[in-house]
Amino acid sequence: MGLPLAARLGSPAVRTGLFYATLFTSGAVSNPFLPIWLSERGIGTAEIGVINAAPIFAMIVINLIVGRLADRASDWRTVIVIGSILAAIPPIFLLFMDSYVAVIILWTLVIVPFQAIAPVVDAAAYRMARRTGMDFGAIRVWGTIGFVVVTLLAGVVLDRLGPQAFIPLLIAVSVIRALMSLGLPLFRAPDEYMRPMHPIDAPINPLIAIRLGQMWRPWFLLTLIGASLLHGSHMMQMGFGALIWAEEGIPGWVIGILWAVAPTAEILAMVFFERITKRFAARHLILLGCIAGAIRWWGFALEPDIWVLVLLQTLHLATVGLTFLGITNFIANWTSEDIAAEAQSFFVMIRQVITVVALLGFGFLAGSLGAGAFYVASIMSGVGAVMVLASLFIMNPKKEATT
């Protein structure tokens, strides 16, 4: 017989999954509706771009600091809870302060704690799942499910109540996330709490990094940059895809469906995480994602029929889903648990630098080339694939399978 319902609901996997379901909800509310709320307050498109970019610039500076603090804490849970609580406070002040400068400061304070804890959550949950034999994909999938559900609910609420409901909704999801963080389990095994950061009994495999500096090995760094280029290529779709589709005459409700297809496809990758990672090396998954990205964006540039766009959107399964699984697995395979959060944050830092450059570049290209800017996104994905191939050439993935 299985465990009683109460025991299952209280398990570390379920408690972590429930938190994941709330982790990305502030983004689910703000990604589609922040520009509308800002526009209602007379803030122009250029200023909106600055508001969106400010938290990313801030995170480039502090990502590694947060990761290092999380690794040095008795458990990663401590930093996750503190970050979740800090992220719930600034939205309250947006009810009373909506000038341009105030919004820049407060929005940065809203997003930075969330972005800081996200790689820590991934590192902590993955390490816990690997140690205890749990299915990480079955835990992480709730993040995507929560994002999709809240996006749909927010759309209904804001459609009925108008842009003035944006901040109350943002406060609600932020507070819920903070409350759910209090239910998180301890991620480290009790006998590891007092373990020194760099133990004398270092990992048997000398290729496994026990310090951040060891992550600068060419074959390791090439993979991180390749995956980051693929992520950056998505900024063309994230920032300007809906606008280009609207200019092509695609109805709004169809655009909504096209947006929903992508995360739905991503869910499949999470559900079959265990089977996928047992059959394929981590870098092979990243390589597949880069190739799929090159195909996806090239297809978008051709301005195809809607049914083709739907098919291309399903490639999100590989460009985001499989790539996320691959890079998370890759980092865990080649780094010690002592620097788990810092290693994940290091990758996120590289990714954010490329994201900022991509956002600025695609902003210019989309205005001058329209859908043709997707060709550049395709090339970015292709370059990412070349980098991962170079990494595979330098370091055989068979060694990865033995770690």
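Bear in mind that the values in this text are calculations on the coordinates, not laboratory data. Fair warning: this is a prediction, and the values are worked out from it, not measured in the lab. Don't worry about glycine lacking a Cβ; one is built from the backbone with ideal geometry, like all the others, and counts go over all protein chains shown.
Data for the structure
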| quantity | calculated |
| --- | --- |
| Contact order normalised by residue count of the range 1-140, Cα under 8 Å, 6+ apart, percent | 31 |
| Neighbour-count ranking [beta-carbon atoms within 10 angstrom, fewest first] of 319, 144, 314 | 314, 144, 319 |
| Normalised convex hull volume, the range 1-189, alpha-carbon set, Å³ per residue | 120 |
| Cβ-based net charge around residue 100, under 12 Å, with every Lys or Arg adding one and every Asp or Glu removing one | -1 |
| Estimated 222 nm signal from helices in the chain, with DSSP H stretches of n ≥ 4 weighted -39500 (n - 2.57), rounded to 500 | -25500 deg cm²/dmol |
| Exposure proxy order (Cβ contacts within 10 Å, fewest to most) of 105, 167 | 105, 167 |
| Summed residue charge, Cβ within 13 Å of residue 373's Cβ, Lys/Arg positive, Asp/Glu negative | -2 |
| Mean Kyte hydropathy of 1.0 or more with a Cα span along the axis of at least 15 Å, helices from DSSP in the chain | 45-72, 76-88, 100-132, 136-161, 166-181, 252-271, 282-301, 340-369, 374-394 |
| Within the range 341-374: backbone nitrogen closer than 17 Å to the residue 247 label point (7 Å, Cα to C-beta) | 359-374 |
| Separation of alpha-carbon centers, the range 170-190 and the range 105-132, rounded to whole Å | 11 |
| Label corresponding to mean projected area of the Cα convex hull in nm² when calculated from the structure given, among (i) 21.1; (ii) 20.0; (iii) 22.3 | (ii) |
| Largest-first ellipsoid semi-axes for the range 208-403, taking √(5λ) over the Cα gyration tensor eigenvalues, angstrom | 31, 18, 14 |
| Neighbour-count ranking [beta-carbon atoms within 10 angstrom, fewest first] of 320, 14 | 14, 320 |
